[in-house]
Amino acid sequence: MASTPEYVQYVCEQIAGVGAVRSRKMFGDYMVYVNDKPILLLCDNAVYVKKLDCIREKMAGAQTGVPYEGAKEHYLLDIDDAAFSCEIVHELEQTVPLSKPRKRKTKLS
């Protein structure tokens with residue numbers, strides 16, 4: 001079951017104020033970007049964040065899970081706690097690099 005558009009909107013509202021927030025449908029679910037950096041992965045109405053060193057201490061008690069088959073284990077973020085979610089998103093936004101632009105395939109004549 002994919003995340004609902006209402007849930008995606010709720011997640012974006014919960015982290016409003018940490019930067020320019022937008023979402024994009026990907027892989028049948030959603031990626032949430034902050035300042036054009038991929039920060040949150042939404043799968044089945046759950047919020048996943050990569051297990052990065054910058055948030056390890058703050059997320060020590062968090063549940064973990066795998067957002068989709070073949071993915072690495074991620075932290076599950078309690079998005080209902082807006083203050084904590086904004087704190088985590090801010091840390092991640094400072095660390096995660098901008099996505100590299102994809103190269104377009106050129107057609108051969």
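Out of the range 53-70, which residues are part of a loop (DSSP other than H, G, I, E, B) and exposed (fewer than 14 other Cβ atoms within 10 Å of the Cβ)? Steps first, please.
If we filter the range 53-70 for residues that are part of a loop (DSSP other than H, G, I, E, B), which is where we start, we get 57-63, 66-70.
Matches in the range 53-70: Glu57, Lys58, Ala60, Gly61, Gln63, Val66, Tyr68, Glu69, Gly70.
Per-residue answers, yes or no, for (1) farther than 15 Å from Ile88 by Cα; (2) assigned to a strand (DSSP E or B); (3) modelled with pLDDT of 95 or more:
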site: Val11; (1), (2), (3): no, no, yes
site: Val18; (1), (2), (3): no, no, no
site: Lys25; (1), (2), (3): yes, yes, no
site: Val32; (1), (2), (3): no, yes, yes
site: Leu40; (1), (2), (3): no, yes, yes
site: Val47; (1), (2), (3): no, yes, yes
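Exactly one condition in (1) in contact with a Gly (Cβ under 9 Å, 6 or more places away or on another chain); (2) more than 19 Å from Lys51 (Cβ to Cβ) is false for Val89; which is it? Of (1) in contact with a Gly (Cβ under 9 Å, 6 or more places away or on another chain); (2) more than 19 Å from Lys51 (Cβ to Cβ), only one is false for Val89: (2).
Give the range 76-86 a look and list any residue that's loosely packed, with under 14 Cβ neighbours inside 10 Å and out of contact with any helix residue (DSSP H, G or I) (no Cβ under 9 Å at 6 or more places or on another chain), or say none. Matches in the range 76-86: Ala83 only. Only one entry in Glu91, Glu73 is over 18 Å from Val8 (Cβ atoms) and loosely packed, with under 14 Cβ neighbours inside 10 Å, namely Glu73.
Is it the case that some residue within the range 31-42 is surrounded by 13 or more Cβ atoms within 10 Å (Cβ to Cβ), touching a residue at least 24 places away in the same chain (Cβ under 8 Å) and acidic (Asp, Glu)? Checked the range 31-42: no residue is surrounded by 13 or more Cβ atoms within 10 Å (Cβ to Cβ), touching a residue at least 24 places away in the same chain (Cβ under 8 Å) and acidic (Asp, Glu).
Quick grid of which residues meet (1) in contact (Cβ under 8 Å) with a residue 12 or more places away in the chain; (2) farther than 20 Å from Pro5 by Cα:
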| position | (1), (2) |
| --- | --- |
| Asp29 | yes, no |
| Val47 | yes, no |
| Lys51 | yes, yes |
| Thr64 | yes, yes |
| His74 | yes, yes |
| Leu77 | yes, no |
| Ala83 | no, yes |
| Glu87 | yes, yes |
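In the range 73-106, how many residues are in a loop (DSSP other than H, G, I, E, B) and either at pLDDT below 95 or in contact with a Cys (Cβ under 8 Å, 6 or more places away or on another chain) (or both)? The total comes to 11. Annotation: Met59 fulfils all but one of (1) at pLDDT 95 or above; (2) aliphatic (A, V, I, L, M); (3) in contact with an Asp or Glu (Cβ under 7 Å, 6 or more places away or on another chain); the unmet one is (3). Assessment of the range 31-51 against the conditions (more than 27 Å from Pro101 (Cα to Cα) and in contact with a Lys or Arg (Cβ under 8 Å, 6 or more places away or on another chain)) yields no matching residue.
The values are calculated or read from the model by the stated rules, or taken from the named source; none is laboratory data. What you are looking at is a predicted structure, and each value in this text was computed from that prediction instead of being measured. When we count neighbours, we look across all protein chains shown, and the Cβ atoms used for this are built from the backbone with ideal geometry, even at glycine.
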